[in-house]
Amino acid sequence: MEPSLARYIWTHTKKQQLWILVIVLLSMIPYFMSFDLPKLIVNGPIQGKGFEQPGATQPFMRLHYNLPFIGEVQFFPGFQLDRTTTLFALSLVFLLLVIINGLFKFYINTYKGRLGERMLRRIRFELVDRVLRFPPRYFKRVKSAEVATMVKDEVEPLGGFIGDAFLQPVLLGGQAVTAMLFIVVQNFWLGMIAAVIVAIQIVLIPRMRRRLIVLGRKRQLTARALSGRVGEIVDGIGAVHVHDTSNYERADIAARLGLIFKIRFDLYQWKFMVKFLNNFLAQITPFLFYMVGGYLVIQGRLDVGQLVAVIGAYKDLPGPMKELIDWDQDRQDVQVKYQQVVEQFTVEGLIAPQIGALTIDDPGPMTKPLSAIGLSMADDGGAMLLDRISLQVKPGETVALVSTSTGGAEALAEAFARLNWPESGKVASGADDLLELPEAVTGRRMSYASSDVFLFQASLRDNLLYGLKHAPLTPVTYDGAAADQQRWNIHEARRSGNPDLDIHSDWIDYASVGATGPHDLFEAVRQVLDAVLLSRDILDLGLRSSADLTRHTELAGRIVELRAALRTRLEHEGLSGLVVPFEPGAYNKEATIGQNLLFGAAAGPELADKALAANPYFASVLRQAGLDRTFYEMGLEIAEQAIELFADLPPDHQFFQQLAFMSAEEIPAYETLLQRLKNRPYETVSENDRAMMVTLSFAYIEPRHRFGLLGEELMNKIVAARNRFHEDLPPELQNAVERYDPAKYIAAATVMDNVLFGRLGSNHPDAPDRIRSIVYDILDELGLYAELLDVGLDFNVGAGGRRLTAGQRQKLDVARALLKRPDFLILNRPLSALDQRVQDKVLQNVLEEARRDGRSPAIVCVVTNPAMAMMFDRVVVFDSGRLVEDGPHETLLAGDGIFKELVS
Amino acid sequence: MLLKDEVGMLQRVPLFSGIESAKLKLLAFTSDRVSYSAGQILFRQGDEGDAAYVILSGKADILVDSDNGPIKVAELLPNSIVGEIAILCNSSRTATVRAASPVEALRIRKDHFLRLMREFPEMTIEMVRVLADRLSHTTADLIDARSAK
C-alpha cells in the first residue's frame, strides 16, 4: 500500500481536489467583498461621507476600471441613490453576500464530506481485501479483534481528514492571507504587528504539538491491544471460568485501562496547554490594536473607520489561523495512524489478486493427479512437521493417511488444502503448482473438512450452502425506487474502488451439486445430511422451532391432514392416551389453567406468561365469570402448599425445576404475602396482590400437581370464560393471541406443538420419545419430511456455530465439503468429536455418498484411528514427518511395519 | 389420587414408614405419577436403573430371564416399592417388571431420591435402619437355610 497518506489521497482524488480548489478560489471573491462592505457602510451612509449636502446622491453599482494604456473605462454608470437608500442598498448587498458565502460553504462542505466518505470506503475495502489475501501464517500472529479495530476505528479519522487534506490549507490559508492583506492595506504597521504574532504561532505551536503525536501513537497502539484482549476474553471465556482466572483478566484489563487513561490524560493536558498558548497569542493582537491603533487615532494619523475595519478584519484572522494549525495537527495525526495501519497491512507474500479473481464460468474438473513433491512443512516455530515428502494421489483413488502422534499427516492435508504453505518443495496438480492455480479451481473442484470447524453466525442452511457461493450467477432486476437505489449503489461502489458485485444475486452454484435451481437443490442437501447422520438432529431442531410461514407454506396448508393422521395413528397403536388434544369446547386436563383460559398461543408480550393475570381485559372476563375469587383462593392454597414443600430447601436445589408456580427467589416474597393476606376478606386485597396469587393458579395442572383443586364444575366455568374471552377480544389484543383452531396452523407455536395440537399426558414417562418418532413417521408418509428438514435448516447456529455441539459442527463441515461434489475430497481428522462407532459409520456413508451415481473423486483422509484405514484403497503411513509406508491395506497389515504396530 | 393420598400410601411402604410426612410429600410431589396398562413394561432386566417405583394401585409381575424365557419370581401389590436397590447401588436392573393389570405408580427419580437422602440425614438414618433390618432378616434366613442342610 502507498506509504504516504498525502500521495495516496492525491492519486485517488486529484480531479475532485482540483475542482474543489477552483470552487474555493471562486468563493474567495464574495468573501473578500464582504470584508470591504462594513467600511463602506460606516463611512458612507452612516457617517455621511459623500452625502454632506442634503439631497446628495452617490452612484451605486457603478462598474468602472482603470485599464493600463486605455485609462478609465466605465461599463455601467450605476444608479444614483441618496443617503438612506444607499444604506439600504449596501445593507442588502451585505445580506446577499452572506447568502452567497453560506451557499459556497454548504457546497464545499458537502462535496468534501462525500469525498472523504468515498475515500474511507476505499481504504476500508482495500484493507479487508488485503486481509482476504494475507498468507496463512499471518493469521497465526494476529488477533482478529485487532484487525477489526484497525479497519473500523483506526482509519475512521482519515475519512474526516481526506476532504480537508488539500482544501483546508487553501481555504483557510486564503482566508488568513486575505484577512492579513486587508489589515496591511488598512494600515501597514498594524498589519506588521499581526504578522509577527502569526509568525510566532506558526513556528511555536506545531513544535509543541510534536509530543501530542507521540502520545497519539501510543494511544492508538494501547487501544488496539485492548480490543485484542477483549476479543480474546470473549473467545476464551470458557478457559477463564474453568481456571478461575476472571480476576486475573480483571487485573489485566484494569492495568491496560490505567495505561490508556494516563496516555489520554497526558494528551489532554498538552492539548489544553497548547490551546491556552494559542488563545493567548491570538488575544495579544487586539490588545496591541487597541493600544497602538487607538493612539494613532488620537494622534489623528488613522481614521476611526480604518481602525474599526482593521479590528473587524482581525476578527477573521484568528479563526482561520487556529483551524489551520488544527489542520496541521490532524494531518500529522492521521498520517501517523495511516502509517501504523499500512505497516500492519504490508505483509510479505500476499496472495496475488488473480488467484482470487471472480470466475463466473465453471473451471472444469481437475483431472490430473495431485502430488506432493519434496514437500517440507514447518510450524510457526520452525519445527519440521513434514520432511521432504513425495507422494502422488491419482484421480479417483481413496487414500487413508495414518499418522503416529508426531507423524505430520495433518500438515500434508493442510498443504493439499492450501491452508499452510510449504517450507520447501511444492504441492502440484499435474504440472501446475497448486498455489498458482486460481482459487476458482481449487475452491470448487477440491474440498476440505477438518476437526477445526468454523461456522458463520447464520442459519444452518447458509452455512451448508456457503461452499457453493463463488460468484453472483443470476442478474437481479430491480424496479422503480429499488432500481434507482441499485444504480446509485453501483455508481458509488465504482467511485470508491469497490467491486459492484450484487450480494442479492443468487450466488449458489446449483450445477455443482447436480441441481438446476432452488427447487431441486434440496434433494442433494438431504442426501449429504443423511450421509453424515445429521438429518435427525436437524429434524429435531425443526420440530422445536416455529416455522417461518412465508417460506414453509406447505406445512401450514396441510396441518389439518397432519393432525388427523397423528390421531388415527395413535388410535391404531392404542396410544390415544398419550396426547390430550385441544378441543374448543372442552377443558384440557394436561394443560395449565392459564393455557385453558387463553386457549391459544401468545403472539405478543401482552398476554404472555405472567402478564396474563395482570391484563385488564382478561381480569374483567374472569370477574364476569365469577372466577377471580376462585383463582385467588386457589392461588392462596397453592402458595401454602408450595411453601410447605419447598421452604426448607436451598434456592439452588434441583427440585425447584419441578415447581412450576414460582421460582426459588420468589418464595420469601410469597411467604410474607401469604401471611399478610391470610384471613383477610377478598374485597380488601389490592389488585396487585390478587394478580400475584391468581398467577399461581394459572400454572396449575391437576394430574401433575395433584393438590385436588380442580373439579368438573370449575373446568366448565373455565371453558365458558375462555369462549367469552375470545368473543369480545378488543381490537388491540387481536394480534396478541392466536386462538387454537383445529383447522389452523399456529404461527407462534413450534412445529411439534402444531402437530400434536394438545398436551402430552404426564403419566407416560416415555411419551415424548414415542411421540417424536411417530411424528417423524407421519411427516415422512405425508411427504412433509423435506419441509420439516427445511424448517430445521433455518436454525441459527450462533457465533462460531456454538449453538451446535462439536460433533454437529464437524458433521456439518463434512456435509458442506461433500455437497459440492469435488474431484479431490480432503478430510483431516474430520469427525474427531464423535465416538469411534459413529465415526466409522459416518465415514463409510461419506465414502458411499461421494461415489454415488458413478462419481469417483479422489478421497484423502487423515484417519483418527488406524483401523479406519481398511475402508480405503491405499494406506500411507507417516512417522516423525516422514512417509514410512505406502500400499494397499492388506499388504501393510501383512507386513511388519509401523502400521501393523499401530493397528494392534 | 391426590398428593396427600399418595403420602398416605408412601407411609405404608416399610422403607419410608419412619419418615415424617412433610418429607414424603416433597418426595411425592417431585415424583412422576405414571400409569401403565396391563402388559406394559415398567423396566427391563439389564437396563440402567434410573428410578424406583411405588405401586399405588394394580398388580405387577417381577420376571427374570432364563433359558426358557422369562420366569415370574414374585408379584408386586399396592404399597410395595420396586427398583430401589438399583438406584442405591448404581447397578443395572436385576429383573423385569411388567404390569399384570392397569397399574398406577409413583416414579421416584434416582437423582431426586439421592438428593433427598443427602439433604435430610434423619430420613437417611430411617432408611438405613430399614435396610439393616432387612439385612439381618436375610442373614437369619441364610443361617436357617444353611443349618437346615
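The values are calculated or read from the model by the stated rules, or taken from the named source; none is laboratory data. The model shown is predicted, which means the values in this text are computed figures rather than measured ones. Backbone-built Cβ (ideal geometry, glycine too); neighbour counts: all protein chains shown.
Going through the range A:222-250 one residue at a time, which ones are surrounded by fewer than 13 Cβ atoms within 10 Å (Cβ to Cβ) and assigned to a helix (DSSP H, G or I)? Reasoning before the result, please.
So the first thing to find is which residues in the range A:222-250 are surrounded by fewer than 13 Cβ atoms within 10 Å (Cβ to Cβ), and the list is A:234, A:237-239, A:241-244, A:246-248, A:250.
Within the range A:222-250, A:V234, A:I237, A:G238, A:A239, A:H241, A:V242, A:S246, A:N247, A:Y248, A:R250 meet the criteria.
Evaluate the following for A:L622: is it within 12 Å of chain B (Cβ to nearest Cβ), out of contact with any Gly (no Cβ under 9 Å at 6 or more places or on another chain) and crowded, with 16+ Cβ neighbours inside 10 Å? Spell out how you get there, then give the answer.
On the way: within 12 Å of chain B (Cβ to nearest Cβ): no; out of contact with any Gly (no Cβ under 9 Å at 6 or more places or on another chain): yes; crowded, with 16+ Cβ neighbours inside 10 Å: yes.
Spelling it out, it is not the case that A:L622 is within 12 Å of chain B (Cβ to nearest Cβ), out of contact with any Gly (no Cβ under 9 Å at 6 or more places or on another chain) and crowded, with 16+ Cβ neighbours inside 10 Å.
So, in the range A:544-580, how many residues would count as being within 27 Å of B:S37 (Cβ to Cβ), touching a residue at least 40 places away in the same chain (Cβ under 8 Å) and either touching a Gly at 6+ places or on another chain (Cβ under 7 Å) or not charged (D, E, K, R) (or both)?
9
State all residues of the range A:674-684 that are surrounded by fewer than 18 Cβ atoms within 10 Å (Cβ to Cβ) and either part of a helix (DSSP H, G or I) or within 14 Å of another protein chain (Cβ to nearest Cβ) (or both); if no residue qualifies, say none. Explain how you work it out, then say what you get.
Start the filter on the range A:674-684 by keeping residues that are surrounded by fewer than 18 Cβ atoms within 10 Å (Cβ to Cβ), which leaves A:674-676, A:678-684.
Once the filter is applied, which keeps residues that are surrounded by fewer than 18 Cβ atoms within 10 Å (Cβ to Cβ) and either part of a helix (DSSP H, G or I) or within 14 Å of another protein chain (Cβ to nearest Cβ) (or both), the range A:674-684 yields A:L674, A:Q675, A:R676, A:Y682, A:E683, A:T684.
Here are A:E633, A:E606, A:E640: which of them is within 14 Å of chain B (Cβ to nearest Cβ) and surrounded by fewer than 18 Cβ atoms within 10 Å (Cβ to Cβ)?
Working: A:E633 fails: within 14 Å of chain B (Cβ to nearest Cβ); A:E606 fails: within 14 Å of chain B (Cβ to nearest Cβ).
On inspection, the qualifying residue turns out to be A:E640.
Does the range A:884-897 contain at least one residue that is assigned by TED's automatic domain parsing to the domain that holds A:V399, charged (D, E, K, R) and under 21 Å from A:I826 (Cβ atoms)? Talk me through it step by step, then tell me what you get.
Kept after step one, since they are assigned by TED's automatic domain parsing to the domain that holds A:V399, are these residues of the range A:884-897: A:884-897.
From what's left, charged (D, E, K, R): A:885-886, A:890, A:896.
After this cut, where a residue has to be under 21 Å from A:I826 (Cβ atoms) as well, the list is A:885-886.
Scanning the range A:884-897 turns up at least one residue that is assigned by TED's automatic domain parsing to the domain that holds A:V399, charged (D, E, K, R) and under 21 Å from A:I826 (Cβ atoms).
For the range A:95-122, give me the residue count where each residue is free of Cβ contacts under 8 Å to residues at least 40 places away in the same chain and aliphatic (A, V, I, L, M).
Of the residues in the range A:95-122, 4 are free of Cβ contacts under 8 Å to residues at least 40 places away in the same chain and aliphatic (A, V, I, L, M).
Please determine whether any residue of the range A:699-718 is more than 28 Å from A:G761 (Cα to Cα), surrounded by 17 or more Cβ atoms within 10 Å (Cβ to Cβ) and either modelled with pLDDT of 85 or more or of a type in the set (S, T, N, Q) (or both). Spell out the reasoning first.
Narrowing the range A:699-718 to residues more than 28 Å from A:G761 (Cα to Cα): none.
For the range A:699-718, residues more than 28 Å from A:G761 (Cα to Cα), surrounded by 17 or more Cβ atoms within 10 Å (Cβ to Cβ) and either modelled with pLDDT of 85 or more or of a type in the set (S, T, N, Q) (or both): absent.
Check the range A:587-603 and report whether any residue there is on the phi > 0 side of the Ramachandran plot and more than 44 Å from the chain's Cα centre (by Cα).
Within the range A:587-603 (the criterion being on the phi > 0 side of the Ramachandran plot and more than 44 Å from the chain's Cα centre (by Cα)), the answer is no, since none of the residues qualifies.
For the range A:836-853, state whether one or more residues are touching a residue at least 40 places away in the same chain (Cβ under 8 Å), surrounded by fewer than 17 Cβ atoms within 10 Å (Cβ to Cβ) and part of a loop (DSSP other than H, G, I, E, B).
No, the range A:836-853 has no match at all.
Test A:Q657 against the stated conditions and say whether it is loosely packed, with under 12 Cβ neighbours inside 10 Å, within 11 Å of chain B (Cβ to nearest Cβ) and either among the hydrophobic types (A, V, I, L, M, F, W, C) or out of contact with any strand residue (DSSP E or B) (no Cβ under 8 Å at 6 or more places or on another chain) (or both).
On the way: loosely packed, with under 12 Cβ neighbours inside 10 Å: yes; within 11 Å of chain B (Cβ to nearest Cβ): yes; either among the hydrophobic types (A, V, I, L, M, F, W, C) or out of contact with any strand residue (DSSP E or B) (no Cβ under 8 Å at 6 or more places or on another chain) (or both): yes.
Judged against the criteria, A:Q657 is a match.
If you go through the range A:769-812 one residue at a time, how many are under 38 Å from the mean Cα position of the chain (by Cα) and either of a type in the set (F, W, Y) or within 14 Å of another protein chain (Cβ to nearest Cβ) (or both)?
3
Looking at the range B:10-54, which of its residues are out of contact with any Lys or Arg (no Cβ under 7 Å at 6 or more places or on another chain), within 21 Å of B:V97 (Cβ to Cβ) and away from chain A (no Cβ under 12 Å)?
B:L10, B:R12, B:V13, B:P14, B:L15, B:F16, B:E48, B:A52, B:V54
If the Cβ limit is 7 Å and pairs must be 6+ apart or interchain, which residue in the range B:25-36 that is in contact (Cβ under 8 Å) with a residue 60 or more places away in the chain pairs with which residue that is of a type in the set (F, W, Y)?
B:T30/A:F655
Please find, among A:A493, A:A483, A:A471, the residue that is loosely packed, with under 12 Cβ neighbours inside 10 Å, of a type in the set (A, V, I, L, M) and not assigned by TED's automatic domain parsing to the domain that holds A:A440. Outline the logic, then answer.
Details: A:A493 fails: loosely packed, with under 12 Cβ neighbours inside 10 Å; A:A471 fails: loosely packed, with under 12 Cβ neighbours inside 10 Å.
It is A:A483.
Here are some residues: A:R207, A:R229, A:R256. Which one is at pLDDT below 90 and not β-branched (V, I, T)? Show your work before the answer.
On the way: A:R229 fails: at pLDDT below 90; A:R256 fails: at pLDDT below 90.
Sole residue among the options that is at pLDDT below 90 and not β-branched (V, I, T): A:R207.
Determine which single condition A:R563 fails, assuming it passes every other condition in (1) farther than 30 Å from A:L714 by Cβ; (2) under 44 Å from the mean Cα position of the chain (by Cα); (3) assigned to a helix (DSSP H, G or I).
Answer for A:R563: the failing condition is (1).
Restricting attention to the range B:52-85, and to residues there that are small (G, A, S) and assigned to a loop (DSSP other than H, G, I, E, B), which single residue is surrounded by the most Cβ atoms within 10 Å (Cβ to Cβ)?
B:G83
Hey, among the residues in the range A:370-389 that are touching a Gly at 6+ places or on another chain (Cβ under 6 Å) and farther than 12 Å from A:F416 by Cβ, which one's surrounded by the most Cβ atoms within 10 Å (Cβ to Cβ)? Outline the logic, then answer.
So the first thing to find is which residues in the range A:370-389 are touching a Gly at 6+ places or on another chain (Cβ under 6 Å), and the list is A:373-376, A:384-388.
Cutting the leftovers down to farther than 12 Å from A:F416 by Cβ gives us A:373-374, A:376, A:384-385, A:387-388.
On the way: A:I373: 15, A:G374: 12, A:S376: 19, A:M384: 16, A:L385: 23, A:D387: 18, A:R388: 16.
Once the filter is applied, the top-ranked residue is A:L385.
I'd like to check something: does the range A:357-369 contain any residue that is closer than 21 Å to A:G897 by Cβ, without any contact (Cβ under 8 Å) to a residue 24 or more places away in the chain and outside the structural domain of A:R209 (by TED's automatic domain parsing)? Write out each step before concluding.
First pass over the range A:357-369, keeping only residues closer than 21 Å to A:G897 by Cβ: none.
No.
For A:E323, indicate whether it is touching a helix residue (DSSP H, G or I) at 6+ places or on another chain (Cβ under 9 Å), part of a helix (DSSP H, G or I) and among the charged types (D, E, K, R).
Details: touching a helix residue (DSSP H, G or I) at 6+ places or on another chain (Cβ under 9 Å): yes; part of a helix (DSSP H, G or I): yes; among the charged types (D, E, K, R): yes.
Answer is yes for this residue.
Picking from A:R558, A:R551, A:R526, which residue would you name as being loosely packed, with under 14 Cβ neighbours inside 10 Å and under 16 Å from A:E787 (Cα atoms)?
Values: A:R558 fails: loosely packed, with under 14 Cβ neighbours inside 10 Å; A:R526 fails: loosely packed, with under 14 Cβ neighbours inside 10 Å.
Selected residue: A:R551, the only one of A:R558, A:R551, A:R526 that is loosely packed, with under 14 Cβ neighbours inside 10 Å and under 16 Å from A:E787 (Cα atoms).
Can you pull out the residues in the range A:651-673 that are assigned to a helix (DSSP H, G or I), farther than 18 Å from A:Y700 by Cα and not acidic (D, E)?
Here is the first cut: in the range A:651-673, the residues assigned to a helix (DSSP H, G or I) are A:654-658, A:664-673.
Okay, now just the ones that are also farther than 18 Å from A:Y700 by Cα, so A:654, A:665, A:668-669, A:671-673.
If the condition is that a residue be assigned to a helix (DSSP H, G or I), farther than 18 Å from A:Y700 by Cα and not acidic (D, E), then A:Q654, A:P668, A:A669, A:T672, A:L673 are the ones that fit.
Among what's in the range A:782-835 and is hydroxyl-bearing (S, T, Y) and assigned to a loop (DSSP other than H, G, I, E, B), pick the residue that is nearest to A:A400 (Cα to Cα). Break it down stepwise before answering.
Taking the range A:782-835 first, the residues hydroxyl-bearing (S, T, Y) are A:785, A:805, A:832.
If we keep only those that are assigned to a loop (DSSP other than H, G, I, E, B) too, we end up with A:805, A:832.
Working: A:T805: 26, A:S832: 15 Å.
Result: A:S832.
Within 40 Å of the chain's Cα centre (by Cα) and either free of Cβ contacts under 8 Å to residues at least 60 places away in the same chain or not in a helix (DSSP H, G or I) (or both), is that true of A:K337?
Working: within 40 Å of the chain's Cα centre (by Cα): yes; either free of Cβ contacts under 8 Å to residues at least 60 places away in the same chain or not in a helix (DSSP H, G or I) (or both): no.
Here the answer is no, as A:K337 does not meet what is asked.
Quick test of your reading of the structure: A:T672 fulfils all but one of (1) free of Cβ contacts under 8 Å to residues at least 60 places away in the same chain; (2) within 26 Å of B:R115 (Cβ to Cβ). Name the failing condition by number.
(2)
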